[in-house]
Amino acid sequence: MKILVVGSGGREHAIAWRLAQDDRVETVYVAPGNAGTALTKKLINVPESDIARLAEFVKTNDVRFTVVGPEAPLAAGIVDYFRANGLKIFGPTKAAAQLESSKDFAKAFMKRHGVPTADYETFTDADAAHAYVEKKGAPIVIKADGLAAGKGVIVAMDLAQAHEAIDSMLEGNAFGAAGARVVIEDFLKGEEASFIVMVDGQHILPMASSQDHKRLLDHDMGPNTGGMGAYSPAPIVTPQIHEQVMREIIRPTVDGMAADGIPFTGFLYAGLMIDRDSEGNSVVKTLEFNCRMGDPETQPIMSRLTSSFVDLIEAAIDGRLDTVEAQWDNRVALGVVCAAKGYPEKPEKGAQITMLPADGDSLHVFHAGTKKQEGLTVVSGGRVLCVVGLGLTVKEAARVAYDGVKKVHFDGMQYRSDIGYRAMK
Ligand code: AMP
Ligand code: GLY
């Protein structure tokens with residue numbers, strides 16, 4: 001069979017690579033893909049991002065189903081378009097993707113359905129927003145309503161920062177239309193984890209737990225990024241927390257979307273903040289929803305999936321996720337992102353990547369911002385590669401991953417040297 005994966009990042013490389021492991025799969029097309037997907041066995045890049053032309057491609061090439069990696073095509077309605085044309089696709093509709101594409105939609109949804117999250121208010125008027133943060137005090141969190149590639153959230157530790165964020169979003173137009181409305185919410189403390197499940201509208205199949213490192217620099221310093229590394233499983237997600245998250249967050253969300261007439265299909269990613277109350281009971285709140293898998297969380301998660309991903313996705317598309325199970329490698333998988341010089345503000349493109357470690361049973365190199373240029377592999381985006389190591393412990397997985405990272409060379413490469421530190425404690 002032939003499959004199409006939409007996207008060009010490390011997440012899509014990992015998804016396509018895992019799908020291709022199935023003997024029944026002849027080709028996984030990746031649109032548009034990157035230099036890594038171009039080189040991986042059974043993967044073929046398709047230089048196309050237009051939704052209507054992708055649907056044409058799927059019809060002409062007898063593609064069995066499509067999996068969408070990033071949020072932008074989902075928010076643009078790729079699932080609606082494919083379904084209207086009778087094509088099988090896994091992802092949320094444009095309406096359901098609002099859980100990610102509008103923070104205001106997501107917060108109002110959570111409030112309506114009793115899903116635990118920080119208290120908030122939404123503003124379009126800067127004066128009202130300034131008055132609200134004066135009343136609330138710092139720390140406080142300012143979020144652009146729309147999609148801002150992971151950059152639309154300012155965790156303001158003092159009021160000056162909060163006022164500046166309001167001005168830049170509402171008055172300075174920092175995120176264009178995405179920031180013309182802002183959500184201002186209470187600051188939550190605790191430890192973050194990524195909780196990703198597959199949903200078929202009704203049934204839920206949880207993926208392995210994971211944790212991401214959002215800050216650019218060691219010890220969680222520096223600016224927020226899309227993610228500088230991740231590992232799976234996340235020890236903080238104990239069986240008890242897992243059960244609590246399913247009961248308090250995931251199940252009410254899936255049921256609430258169905259009750260609201262916009263059933264959710266696709267990967268649902270809840271960004272969690274996990275804390276304890278004064279009695280020592282665990283308190284879990286939703287920081288955000290994404291309507292897709294995480295990047296870089298997908299790279300370690302896919303490295304651990306041992307069941308057929310084709311079977312899982314087909315079950316999800318057919319609405320029978322309750323009939324399948326996901327099996328995971330017992331080892332820990334840990335991925336380190338190698339980023340371009342200048343990332344995240346202004347990544348420099350064009351540096352030549354001269355050396356890459358060889359893939360093996362315990363090491364995988366997933367490409368993101370790379371492309372082929374006159375026979376060379378060069379940097380073409382902010383996050384360039386994710387090197388995933390597997391090992392029996394977090395330490396061992398980190399050792400394997402960092403041995404791999406030391407074999408990667410390009411000018412100005414940045415990476416964190418402490419991925420997994422929380423899980424080693
Ligand atoms: P988001 O895109 O909403 O997940 O926000 C990006 C990052 O900002 C999160 O991963 C958190 O580190 C931080 N953040 C978001 N909301 C809050 C909050 N209410 N309290 C504390 N930190 C937050
Ligand atoms: N790594 C965070 C995200 O994918 O949103």
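The values are calculated or read from the model by the stated rules, or taken from the named source; none is laboratory data. Since the structure is predicted, the reported quantities are computational estimates derived from the model, not experimental observations. Please note: Cβ atoms are built from the backbone with ideal geometry, for glycine as well, and neighbour counts cover all protein chains shown. Just the protein is used for accessible areas: all its heavy atoms, side chains included, with ligands, DNA and RNA removed. Shrake-Rupley method; radii C 1.70, N 1.55, O 1.52, S 1.80 Å.
Only alpha carbons enter this Debye calculation for segment 278-409, each as an equal point scatterer, and the log10 of I(q)/I(0) it gives at q = 0.10, 0.14, 0.21 Å⁻¹ is -0.45, -0.81, -1.19. Note on segment 1-120: dipole from Cβ charges, positive end direction compared against T93, F57, V115; the farthest Cα belongs to V115. Amide H contacts of Q211 (H built 1.01 Å from N, in plane; Pro and chain starts excluded): S194, Y231 sit under 5 Å, all sequence-distant by 5 or more or on other chains. Given a 1.4 Å probe and every protein chain left where it sits, what share in percent of the accessible area of segment 72-215 is carbon and sulfur? Its accessible area is 51 percent carbon and sulfur atoms.
Normalise the Debye intensity by I(0) for segment 204-253, one equal point scatterer per Cα, no solvent, then take log10 at q = 0.22 Å⁻¹ and round to two decimals. The computed values of log10 I(q)/I(0) come out as -0.84. Only aspartates and glutamates eight or more places from K41 in sequence, or on another chain, were considered; those with a Cα closer than 17 Å are E12, D22, D23, E26, D359, D361.
Mind checking which aspartates and glutamates have their C-alpha under 18 Å from K136, skipping anything on the same chain fewer than 8 residues away? Here the aspartates and glutamates satisfying the reach criterion relative to K136 are D119, E121, D125, D127, D158, E164, D167, E185, D186. Global size of the chain: 20.7, 62 Å for Rg and Dmax (C-alpha atoms, Rg to one decimal, Dmax whole).
Relative contact order of the chain: 16 percent, from C-alpha pairs under 8 Å at least 6 residues apart in sequence. Pairs over the 18 Å Cα-Cα cut-off, from the set K214/K349; K151/K349; K103/K143; K2/K372; K103/K151: K214/K349; K151/K349; K2/K372.
Rolling a 1.4 Å probe across the protein heavy atoms gives segment 84-204 an accessible surface of 42 Å² per residue. Going by Cα centres, segment 218-251 and segment 278-337 are how many Å apart? With segment 218-251 and segment 278-337 each reduced to a Cα centre, they are spaced 11 Å.
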